Amino acid sequence: MLNCCLVEEIVMNKHSIAFEKNKNIPTVKSVINWIANDIRAPFWNVAKLGKRVEVDLNTPSSHLTKIIFGKSISSLGLLTDEIYCNILADLKKCLINTFESGSISKPYILANINLNIISFIVSVNEKREFFDLPPILALNQITEEDFLDFIQSFKITIEQFYAVIDELQDINNTPTNKDWEKINQKLQIKSKTFSIIKQRITNSKDKEIYVSKCSRKKEFDDANISRNIHELTLVNKKTVQNITSDLEHLFKNSQDLKFPINFSPYEALGGEEGLASLFDDFQNEVKTAAMPLETAFHLISQSMKFQINYGPSLLKYLEDIDLHYKNRSKHFAKSTLLKECNTRERLFLEVECPKELISLNISILGLEHEVKRDTSPEGSISLVNAMQLHQASIYILLLAYLATREFSTLLLKRNCFERSPLDGLCDVKFKQQKASTFNILETIYRPIPAQIYELGLQYCEFSQYLEQRYGVKHNDEDSYLFTNFHNAKKLITRHFCPSNDDYIPEHLYSDSMQSCLNYFSDWSGVPLIDGKRWYATEHQFRRLFAIIYFSLTNEEGIEELSWFLGHENLEMTFGYAEIHPSSEWMDEAIISIAKRAVKINENLNVDEAIDNIVDLAKEKSIKLNLQLEDVVYHAINERIKKTGEEVHFKRCDDKTIYFYFTDGPSNA
């Protein structure tokens with residue numbers, strides 16, 4: 001048997017021979033207008049979602065997504081090592097071809113394609129290392145067998161899954177990357193298989209499986225869980241298909257590559273039949289859950305109350321605290337301010353809390369050391385917490401009324417609230433993405449109640465002040481409603497000195513907003529379900545709107561709803577709007593709305609009305625089955641595409657839905 005040193009020496013010799021034989025780097029221009037830096041660098045900076053595609057060295061880093069090439073592809077080195085120059089050059093050229101051929105619409109998508117290709121190469125080299133073969137030096141060394149072996153790594157055994165969970169039990173805190181590496185070294189699971197297990201465990205939201213920083217902050221176990229442990233071990237068909245699609249670019253966009261692969265991953269997989277032959281079972285497709293009505297109406301009503309009762313006073317309180325601090329600390333140097341945590345807290349306590357905010361029980365500022373030690377008295381919150389509740393409450397109201405995608409809500413500008421000069425009605429102006437052609441952003445004007453409009457303007461003033469306290473004055477049409485000045489470090493600042501990036505408008509991202517939603521759910525006391533709390537997600541507000549709208553329009557408003565949601569086909573809209581035919585969801589909705597009305601205005605005498613509604617709800621039985629077969633969905637959409645006709649839906653005899661076609665505008 002060869003010793004390890006001798007084996008490594010043989011492998012490196014084979015490397016050197018192959019390298020000298022194959023060394024031939026494709027030449028490409030070093031400057032491309034959608035890559036901010038030199039393309040020969042070990043990483044690329046490209047525009048983020050929602051930003052201008054054209055970038056350069058002056059583009060703010062906050063507007064860029066990094067595509068990293070300097071990753072390990074074998075136990076012997078990184079992709080950026082000179083010996084792998086042929087793979088790197090061909091990979092970069094393939095990514096350029098993929099975007100410039102129109103195969104994808106936005107360059108940031110290349111970051112994920114790059115990761116999947118590198119993951120594939122790692123899998124190939126793991127297999128070769130197992131058979132004492134040297135790592136590949138060119139893409140054309142990859143075979144169909146390598147690809148199918150990589151696809152098989154998406155299969156997780158229940159033993160592997162529980163083995164990882166058992167190892168996690170010995171780690172007291174949230175595991176670090178090094179902890180995960182040690183677990184994999186011990187269990188010797190394929191890298192791709194292990195990364196899937198890690199991702200499913202960390203995203204499970206089940207504290208019995210994994211306790212993350214996010215779940216640790218939640219007061220209760222999360223009732224909003226879509227999969228059990230068995231389902232977490234099954235293959236996700238869409239994931240396999242999407243990754244195969246990414247790897248297909250190596251074949252489809254191989255123009256001018258020196259050593260391209262010589263097979264099509266898509267054809268090698270063999271479609272649905274090929275998947276069925278490789279895997280015994282797949283995860284069921286889980287669509288966005290319809291959140292419990294009591295949860296939905298609780299969040300909406302509590303958000304309204306928070307905005308009305310606390311919004312204006314919170315802004316005034318923050319202004320008073322800032323003014324007091326600036327006056328008392330003007331003689332301090334910036335370096336001193338950064339160290340003076342106790343002074344910052346002492347000066348905060350010297351400012352009297354407005355009587356309107358006393359019920360919030362704000363006791364501390366929310367400095368880092370206070371949060372870590374949890375120094376706030378029981379039942380009280382920090383000023384930072386109060387600002388997070390303010391942010392979450394207006395976010396919930398906008399999600400409920402706009403019913404748009406989360407990204408559209410995050411992109412709201414500070415001038416988004418408008419009153420029509422024609423009829424005096426109120427609108428929110430926002431950019432909405434289409435499902436498939438998300439590079440096209442439509443400007444939408446969504447009608448909103450006057451009270452939401454007034455609360456929105458009130459919040460705009462708060463958002464503007466968060467920037468102005470730093471001396472930053474963005475125009476309302478440029479700055480975001482949910483500006484990144486909302487983050488905790490900026491709220492508790494000790495020096496009010498902006499960085500260079502602060503002069504470029506930027507918005508918050510989904511993880512920050514979800515944390516605020518979770519905190520608001522706990523603070524407002526969302527009703528428990530069997531001892532658990534439903535922590536709603538932004539997308540569930542979108543589906544809530546779809547179900548209510550479709551039901552309240554007597555199941556005839558599918559076309560309008562499809563436009564409203566920004567869908568390109570009716571199949572997706574049906575998926576949002578349908579509820580189980582035996583569900584009493586709408587009956588519960590009527591009752592919940594009525595109960596909320598009583599709680600909001602105790603002076604209204606609506607007891608008799610509620611009794612009538614409850615009696616009606618008990619009599620009502622929804623027998624309508626909206627679950628059309630996929631073949632019908634597709635047939636409808638295919639006919640629309642071919643003929644330009646419009647489809648209409650009509651409910652007759654209170655239980656049967658018919659659909660019919662008429663000439664569309666183009667045929668009129």
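The values are calculated or read from the model by the stated rules, or taken from the named source; none is laboratory data. As the structure is a computational prediction, the values presented were derived from the model and not from experiment. Note that we place each Cβ from the backbone using ideal geometry, even for glycine, and neighbour counts take in every protein chain shown. Heavy atoms of the whole protein, side chains included, go into the accessibility calculation; ligands, DNA and RNA do not. Shrake-Rupley method; radii C 1.70, N 1.55, O 1.52, S 1.80 Å.
Worth pointing out:
- The residues of segment 190-236 that are farther than 19 Å from residue 170 by Cα and among the β-branched types (Val, Ile, Thr), listed by number, are 193, 196, 225, 229, 233, 235.
- Residues that are touching a strand residue (DSSP E or B) at 6+ places or on another chain (Cβ under 9 Å) and more than 17 Å from residue 293 (Cβ to Cβ) occur in segment 520-543; there is at least one.
- Residue 476 fulfils the conditions (1) in a loop (DSSP other than H, G, I, E, B); (2) touching a Ser or Thr at 6+ places or on another chain (Cβ under 9 Å); (3) not β-branched (Val, Ile, Thr) except for a single criterion, (2).
- Answer from 96, 117 - the residue that is of a type in the set (Val, Ile, Thr) and either in contact with a helix residue (DSSP H, G or I) (Cβ under 8 Å, 6 or more places away or on another chain) or free of Cβ contacts under 8 Å to residues at least 12 places away in the same chain (or both): 117
- Within segment 204-215, considering residues that are touching a residue at least 24 places away in the same chain (Cβ under 8 Å) and in a helix (DSSP H, G or I), the one least open to solvent (accessible area, probe 1.4 Å): 214
- Count of segment 560-574 residues which are open to solvent by less than 60 Å² (accessible area, probe 1.4 Å) and either on the phi > 0 side of the Ramachandran plot or of a type in the set (D, E, K, R) (or both): 2
- Among the residues making up segment 455-473, those that are in contact (Cβ under 8 Å) with a residue 12 or more places away in the chain and outside any helix (DSSP H, G or I) are 469, 470, 471, 472.
- Top-ranked residue of segment 460-490 - restricted to ones that are basic (Lys, Arg) and surrounded by 13 or more Cβ atoms within 10 Å (Cβ to Cβ), ranked as nearest to residue 61 (Cα to Cα): 490
- Any hit, segment 289-312, residues being within 31 Å of the chain's Cα centre (by Cα), over 30 Å from residue 236 (Cα atoms) and among the basic types (Lys, Arg): yes
- The set of residues in segment 121-133 that are under 16 Å from residue 87 (Cα atoms) and open to solvent by 20 Å² or more (accessible area, probe 1.4 Å) contains only 122.
- Considering segment 73-105, the residues that are at pLDDT 95 or above and in a loop (DSSP other than H, G, I, E, B) include one that is nearest to residue 56 (Cα to Cα), namely 80.
- Flag for residue 89 being of a type in the set (A, V, I, L, M), touching a strand residue (DSSP E or B) at 6+ places or on another chain (Cβ under 6 Å) and open to solvent by less than 40 Å² (accessible area, probe 1.4 Å): no
- Any hit, segment 20-41, residues being at pLDDT 85 or above, more than 24 Å from residue 118 (Cα to Cα) and of a type outside the set (Gly, Ala, Ser): yes
- Test: residue in segment 55-72 that is open to solvent by 20 Å² or more (accessible area, probe 1.4 Å), in a strand (DSSP E or B), in contact with a Leu (Cβ under 6 Å, 6 or more places away or on another chain) and farther than 22 Å from residue 500 by Cβ: yes
- Being among the hydrophobic types (A, V, I, L, M, F, W, C) and crowded, with 17+ Cβ neighbours inside 10 Å is a property that does not hold for residue 457.
- Residue list for segment 350-387, filter: assigned to a helix (DSSP H, G or I), open to solvent by less than 30 Å² (accessible area, probe 1.4 Å) and either at pLDDT 95 or above or in contact with a Phe, Trp or Tyr (Cβ under 9 Å, 6 or more places away or on another chain) (or both): 357, 360, 383, 386, 387
- Flag if residue 136 is touching a residue at least 40 places away in the same chain (Cβ under 8 Å), of a type in the set (Val, Ile, Thr) and buried (at least 16 other Cβ atoms within 10 Å of the Cβ): yes
- Just one residue in the set 151, 201, 196 is under 20 Å from the mean Cα position of the chain (by Cα), closer than 19 Å to residue 120 by Cα and either open to solvent by less than 20 Å² (accessible area, probe 1.4 Å) or free of Cβ contacts under 8 Å to residues at least 12 places away in the same chain (or both); that residue is 196.
- Residue that is farthest from the chain's Cα centre (by Cα) [pool: residues in segment 442-464 that are among the hydroxyl-bearing types (Ser, Thr, Tyr) and at pLDDT below 95]: 445
- Pairs meeting the criteria (first residue in segment 33-53 and at positive phi, second residue of a type outside the set (Ser, Thr, Tyr) and not in a loop (DSSP other than H, G, I, E, B), beta carbons under 7 Å, at least 6 apart or on different chains) are 50/407.
- Some residue of segment 394-416 being out of contact with any Gly (no Cβ under 6 Å at 6 or more places or on another chain) and without any contact (Cβ under 8 Å) to a residue 12 or more places away in the chain: no
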